[in-house]
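First up is the structure itself, then whatever we jot down about it.
The values are calculated or read from the model by the stated rules, or taken from the named source; none is laboratory data. Values in this document were obtained by computation on a predicted structure and should not be read as measured data. Methodologically, a virtual Cβ is constructed for each residue, glycine included, from the backbone with ideal geometry; neighbour enumeration extends over all protein chains shown. Only protein heavy atoms, including side chains, enter the accessible area calculation; ligands, DNA and RNA are left aside. Shrake-Rupley method; radii C 1.70, N 1.55, O 1.52, S 1.80 Å.
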Amino acid sequence: MSLQMVSAVSNSSLLQPGFSLLNFDGHVFFFGQKGWPKRSCPTGVFLLDIKQHELKMKPTFFSKDSCYLPPLRYPALCTLRSNAKSDEYQYIIHGGKTPNNDLSDKIYLMSLVSKNSKKMVFRCIEKDLGGDVPEARYGHTINVVHSRGKSMSVIFGGRSYTPLAQRTTEKWNSVVDCLPCVFLVDFEFGCCTSYILPELQDGLSFHVSIARDDTIYILGGHSLQNNTRCPNLYKLKVDLPLGSPAVTCTILPGGISVSSAIVTQIDDTEFVLVGGYHSDNQKRLVCNTIVLEDSKIEIVERASPEWTPDIKHCRIWFGCDMGKGSVLLGIPGVNKQLISDANYFYILRCKGAEEDKEEELTTQICSQTSSEDPGDSTPFEDSEEFCFSAEANSFDIDDTDTYNEDDEDDESETGYWITCSTSCNIDINSWVPFYSTELNKPAMILCSSGAGHWVHAQCMDLSETMLLHLSEANVKYFCNKHVDLNKGLQTPQKVVHLKKQPMKPLRKKKTMKLATSTKKSFLRRLFE
């Protein structure tokens, strides 16, 4: 195993815990950025390109028949193939958190429809499901099983917000474990079925799941209810006969107490488990090899890489499977860089030296998945954990159009509980959602006066229609205090005056002078 540091040329602030990676034909794409997408990349999906130990991000595009895909963090993600040996596949994306911390219950199918050296185009489709549809959640897993020539997706675990009927003012935004139900999703008919298994007693989140044929192995995870990371190891077997599916669960020995671990596949039957946490204040620096053979699983400890002092002493770490036995790891660089939300990144290669060298020559592209924004919670909180799943049967672009966040307006996140004005009545202890788009934080809008400052939309007496219009329209907004001042400082529009031609009454003056002279001559003769 080898560890190599890479430097993010720009936009490393977008690579925060909670993101995901998609691998299409050896190209790795980043999804789930911090904040809403900007004009330079409205899709929120970037190609990650690593050359000469430098990481660059390039925007991608959606086809015209694609639906809108919000940037989701902590979603469940896996590949979907028509059969276990098919080379063509698409990604399933379910659940996750939006930049507003709303939870999604939608499910998307995403595929790469065209690519060249200048442009990558995706098609994203939202699937409508019926039956026992899983509630909105994050920190869960999704896998695809194949049995008797048929395929189904399996969703398990995760967390969701406390039901509305059980919320209190003090715990309005608290999260709970989802019920330990197993959901089978049939994309062919668009229906979901839930199963309650007696072996699954506690809800789990940020666990690891590995699928092979008709079997899924679930390892580790964290339970909020008990605040434990039990050495869980479950074996889910799904049988898909002509009638109703059958789901069975077996508890296996030899599990590992870990949450937020990362799994990468190095060959057809062998996987490597890295990263994660033993407890709230202890990272897990040990690595393991997982072997799946003949419906059996074997987990053994393997030699770990030489972790750098920065990795050993950092409080949190995160990362994602890059595919082909490589992992992208990130650690915060708060005290070492001018940008407070910048991170350091490393590539961990789990294959042998010769295989690593061959892979490095064939492709210099990497990507990652992620966890939640460290700024939203304290280090080692469970909200910062993430989950990864792997399918046992899965698995030089020009520097043009590199995304540069510096070209965008500053949309940095500020405190939601500030006193935005003299009439501000937003209090963290008593606030309840006012707009339908709010969940656990009040809606805010940027006032363009001077250097700009944030105000609460509710304090500005904005209607929901006007708030949505301002968020979509490319116009400047001024708060109640500065709207009149702004009008007074506006430069009046320049009025263009028509050029008038001067009048030339020369002939009339000459006639008048002639008449006066004739009159004087007549009078002189009369009196003589």
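Some values worked out for this structure:
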item	result
Local net charge near F62, Cβ-Cβ under 12 Å (Lys/Arg +1, Asp/Glu -1)	+2
Value in Å of the Kirkwood radius, where the range 205-252 supplies the Cα pairs that are averaged	11.9 Å
Rg ratio (alpha-carbon, reference 2.2 N^0.38 Å) - the range 157-214	1.44
Positive minus negative residues near K235 (Lys, Arg vs Asp, Glu; Cβ under 15 Å)	-4
Mean separation of Cα contacts under 8 Å (6+ apart) over length of the range 238-279, as relative contact order %	29 percent
Relative packing of 263-273, 127-137, 201-211, which averages over residues the other C-beta atoms within 10 Å, highest first	201-211, 263-273, 127-137
Fraction of alpha-carbon pairs over 27 Å apart in the range 142-267 - percent	24 percent
Spin-label model distance (nm) - S463 vs E306, 7 Å beyond Cα toward Cβ	6.7 nm
Estimated vicinal HN-Hα couplings, Hz - the range 276-285 in sequence order (Karplus 6.51, -1.76, 1.60; Gly, Pro = x)	x, 9, 6, 8, 5, 10, 9, 6, 9, 8
Whole-Hz ³J(HN,Hα) from phi, Karplus 6.51 cos²θ - 1.76 cosθ + 1.60, for the range 317-327, glycine and proline x	8, 8, x, 7, 6, 8, x, 6, x, 10, 9
Ranked by how many other beta carbons lie within 10 Å on average, peptides 91-101, 38-48 from highest	91-101, 38-48
Accessible area of the range 72-133 belonging to carbon and sulfur atoms, whole % at 1.4 Å probe	42 percent
Cross-link pairs beyond the 28 Å C-alpha cut-off, checked among K115/K441; K38/K118; K64/K97; K235/K312; K34/K171	K115/K441; K235/K312
Alpha-carbon spread of the range 254-327, three principal axes, descending order, Å	40, 25, 19
Rounded accessible area of T289 (nearest 10 Å², 1.4 Å probe)	10 Å²
Listed peptides 461-471, 228-238 by packing density, highest first (mean Cβ within 10 Å)	228-238, 461-471
Listed residues K481, K150, K64 arranged by accessible area, highest first, probe 1.4 Å	K64, K481, K150
